[in-house]
1. Please report, in whole Å, how far the alpha carbons of the stretch 51-126 spread along each principal axis, starting with the longest.
2. Need one number: nm distance between label points at ASP272 and LEU57, each 7 Å from Cα along Cα→Cβ, rounded to one decimal.
3. Could you give the nm distance between label points at GLU169 and PHE67, where each point is 7 Å from its Cα heading toward the beta carbon?
4. Calculate, in nm to one decimal, what ASP292 and THR89 gain on full extension: separation in residues at 0.36 nm each, minus their alpha carbon distance.
5. If you build a Gaussian network model of the chain, linking Cα atoms that sit under 10 Å apart, which residue out of TYR161, TYR177, TYR215 swings the most?
6. Search the structure for amide H atoms under 5 Å from the amide H of ASN32, placed 1.01 Å from N in the peptide plane, and list their residues when 5 or more places away or on another chain.
7. With the crude spin-label approximation of a point 7 Å out along Cα→Cβ, what separation in nm comes out for ASN262 versus LEU176?
8. Which Rg and Dmax, in Å, describe the Cα atoms of the stretch 262-401?
Amino acid sequence: MKNKNTPINPKLYYSTVLVVIALMLLGLFAGNPLLHHLGPGYLTHGVLVFFLSICLLIYPLYKSHFFRIIIIVVASTYFYTIFFLYPNTWSNFIFLCFIPAISILFFDKKLFHLSLLLNTFSIIILFSYIAIVDRGELYSYIREDLIGNIINFLGSQAILYFIFYLSYERLKKQKLYYEQIKHSERLKTTGQLAAAMAHEIRNPLTVVKGFLQLYEKENTYNENSKRHFSLMINELSTAEQVISQYLSIAKPDKDTETELVNVKDVLQSVTDLLNTYGLLHDNKIVLSKVEDGYIAASTIELKQLLINIIKNAMEASKVGDSVVVTSECKKDLIEIKVMDCGQGMSKEEMESLGTPFYSLKSRGTGLGMMICYNIAAKYKGTIHFDSVKGKGTTVTIRFPS
């Protein structure tokens, strides 16, 4: 989980950074044994303090993965440099043990593992140097108890991993909770809108539709006029269907009778229905590795969910492309995947799915996906999207078996 766009509290961040820079400057000027005879070592120390300070100060402006790697590399070089420059300062070894803690601040899993691996490799080289080359001349406090120091180092890395794991899992749960709250707010907003408007709009539509049906049957109108009446009736039926979708979101039927539904049978039925629709654009549905699996749900609502998802995949596909559908039993879950090779979606587009009035289709209302989310949540299922712009989309639907 990469939180590249995690907001930073500027006041807290810069006050902390200024304290860190002040401590580095104290180490450079206060009681530094190399200060009295300036040489390459002291200059290297000063240059690293300067570069690390600049990196920390400008980080909020360039919060990229690459810049984070730069900060970790510069900080690691700084701590290893002062360890070699000041061998009499025993506490420097503590900083080497906690170098991976820098990557914990970014909550980047890959970066943390990379930092942990590189630091372990560097410490192995360091201990080998002390044991074979130095032989306790400068680093006697490490050479005298090499095994103990190795154990302490491994213990510190285990503690860091434990801290990172707990923090990372908590962040994942918080992110999931935040997404659930956002989805609940969408449902609440749409429900209030639907309850306020649906009935008021539906009543006059029914009256107008009734009169048009009456006029359509009269012989006083010619065929051309009747064709216009038929067209208007169809459009009114479409409007009524949209209003019905609003009502199903505003007042979902929680008392729908459930039954044991065979996912394989439902997928076959939906495929037979939509293959005819796919003929319009030379698209077809390929059922690959579809296993028997049973879930407790309403057959009608499960079909509605799958029809919406598969139909969207077909509409996103290019002419002649196929939509691949799979169904597997994984432990206590039934996992259904719908894969297309269409236009794909960006991360921002995927996050907006299920939002009222948001649709990637020119005539879409965005209500279809919201209803799909409702149906999945009703039967304790989940819907997850994996998509790359220009390379297609995979929709993963999971239900308890």
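1. Reported extents, whole Å, longest axis first: 38, 25, 16.
2. 7.3 nm
3. Taking the two extended label points, one gets 3.3 nm.
4. Full-extension gain reported as 66.3 nm.
5. TYR215
6. Residues meeting the criterion, in which the H sits 1.01 Å from N, do not exist here.
7. That separation, rounded to one decimal, is 3.3 nm.
8. 14.1, 40
No value in this document is a laboratory result; all are computed from the given coordinates. Bear in mind that the values here come from a model prediction, so they are computed numbers and not experimental data. Note that each Cβ is placed from the backbone with ideal geometry, even for glycine, and that neighbours are counted across all protein chains shown.
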